[in-house]
1. Please find, within the stretch 26-53, the residue that is most open to solvent (accessible area, probe 1.4 Å) out of those that are of a type in the set (K, R) and either in a helix (DSSP H, G or I) or in contact with a Ser or Thr (Cβ under 6 Å, 6 or more places away or on another chain) (or both).
2. Out of everything in the stretch 239-262 that is among the small types (G, A, S) and part of a loop (DSSP other than H, G, I, E, B), what residue ends up being nearest to the chain's Cα centre (by Cα)?
3. Is one or more of the residues making up the stretch 117-132 within 24 Å of S176 (Cβ to Cβ), open to solvent by less than 60 Å² (accessible area, probe 1.4 Å), basic (K, R) and touching a residue at least 12 places away in the same chain (Cβ under 8 Å)?
4. Among the numbered criteria (1) open to solvent by 20 Å² or more (accessible area, probe 1.4 Å); (2) closer than 28 Å to K251 by Cβ; (3) at pLDDT below 95, which single criterion is violated by L7?
5. Among the numbered criteria (1) more than 20 Å from S71 (Cβ to Cβ); (2) at pLDDT below 95; (3) aromatic (F, W, Y), which single criterion is violated by Y312?
6. So S56 ticks every box in (1) part of a helix (DSSP H, G or I); (2) farther than 24 Å from F296 by Cβ; (3) open to solvent by 50 Å² or more (accessible area, probe 1.4 Å) but one. Which box is left unticked?
7. Taking the options K158, K102, name whichever one is open to solvent by 60 Å² or more (accessible area, probe 1.4 Å), touching a residue at least 24 places away in the same chain (Cβ under 8 Å), of a type outside the set (A, V, I, L, M, F, W, C) and closer than 23 Å to G199 by Cβ.
8. Taking the residues in the stretch 274-299 that are free of Cβ contacts under 8 Å to residues at least 24 places away in the same chain and more than 13 Å from M253 (Cβ to Cβ) as candidates, determine which candidate is surrounded by the most Cβ atoms within 10 Å (Cβ to Cβ).
Amino acid sequence: MANNIELDTLPFLYSKKSIVTSEVYDQYWKFAAERQNIFFNKIQNVFPWTKDEILSKYKFTNAYRASDRVSQFLLKSVIYNGKHYDAEDTIFRILLFKLFNKIETWECLENSLGDISYKSFSFEKYDQVLSNLLNNNERIYSAAYIMPSGKSSFGYDKKHRNNLQLLDFIMKDNISRKIARVQDMKGLYDVLLSYPTIGKFLAFQYCIDINYSELCDFSEMSFVVAGPGAQNGIAKCFISRGNYSEEDIIKFMAEAQEHEFSRLGIKFKSLWGRPLQLIDCQNLFCETDKYARVAFPENDGDSGRKRIKQIYNPSLLNHSIDYFYPPKWGINHLICKEE
């Protein structure tokens with residue numbers, strides 16, 4: 001089933017050219033709302049969290065990126081852990097964590113080396129800790145995204161050694177001073193993209209993580225880059241997007257959210273008043289892509305993937321999270337167990 005949408009009937013104004021949506025398009029909004037319902041049901045201990053069989057069986061990220069377990073750890077244990085770090089140590093801590101994007105790896109480094117800072121950084125010591133983990137058949141990288149090996153740039157056979165050299169290279173390039181000079185999210189993105197092995201997807205993800213800190217304060221509605229998963233989700237939601245780029249489509253979704261939830265008769269529970277931002281709409285395309293593999297198997301999108309790899313295991317994640325967001329968002333005082 002196809003639907004024609006005139007972009008000029010919505011807040012996001014580009015032209016009068018129409019885009020054509022598939023039936024997966026409406027599912028995007030339904031998924032966002034139900035995934036957010038699950039988020040609040042978990043907080044309020046309302047069980048079952050959902051009656052949606054697909055959401056019950058498979059693992060999906062939150063509607064808001066900052067609510068995910070890894071982002072929460074970054075916020076509470078890496079950036080805002082109660083200690084004061086200068087700009088250099090703050091960016092070092094953020095980038096070190098994101099290179100591996102795995103909580104257990106960070107905790108092992110911290111337990112072995114003490115408080116993490118660039119001032120005390122030693123390639124040899126960090127390499128030893130990570131090599132010991134690998135020798136014990138422990139995974140040191142998250143499966144969320146693939147970090148390039150970096151061998152062509154730094155020459156090591158072991159990926160983690162190249163990544164540590166990349167981090168040292170970035171720090172020696174005075175990235176904290178560069179961040180202080182950038183004027184917007186796009187400027188921050190360009191700085192990150194200039195470094196070896198950091199491609200468009202990683203540069204944008206790192207932008208969002210750095211912007212959680214006090215190093216900068218850019219609107220999450222100001223810039224977006226569509227990652228591979230989002231691109232495939234867009235291909236499933238839109239039969240035709242005309243001359244609009246994938247980034248245009250993400251902006252359209254962010255601008256149209258209130259209109260579209262209303263059109264579908266959906267009461268969306270925002271993040272304590274914070275609407276979905278561009279990064280959230282981008283991520284929701286990734287998750288809608290996964291959801292559609294089961295719900296709409298005939299819609300192959302661009303990748304042709306047919307199944308969802310990760311099964312949801314509540315026994316592994318059955319611990320309460322005390323949610324915390326960047327203080328500059330002004331929502332932490334609103335967080336409570338009851339709506």
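The values are calculated or read from the model by the stated rules, or taken from the named source; none is laboratory data. Computed from a prediction, not measured in an experiment: that's the story for all the values here. Here the Cβ is made from the backbone with ideal geometry for all residues, glycine too, and neighbour counts use every protein chain on show. Areas reflect the complete protein model, heavy atoms only, side chains present, ligands, DNA and RNA absent. Shrake-Rupley method; radii C 1.70, N 1.55, O 1.52, S 1.80 Å.
1. Taking the candidates together, the pick is K30.
2. S245
3. no
4. (1)
5. If we test Y312 against (1) more than 20 Å from S71 (Cβ to Cβ); (2) at pLDDT below 95; (3) aromatic (F, W, Y), just (1) comes out false.
6. Of everything listed in (1) part of a helix (DSSP H, G or I); (2) farther than 24 Å from F296 by Cβ; (3) open to solvent by 50 Å² or more (accessible area, probe 1.4 Å), S56 misses just condition (2).
7. Working: K102 fails: open to solvent by 60 Å² or more (accessible area, probe 1.4 Å).
Criteria check complete, one pass: K158.
8. Only one residue fits best here, namely R293.
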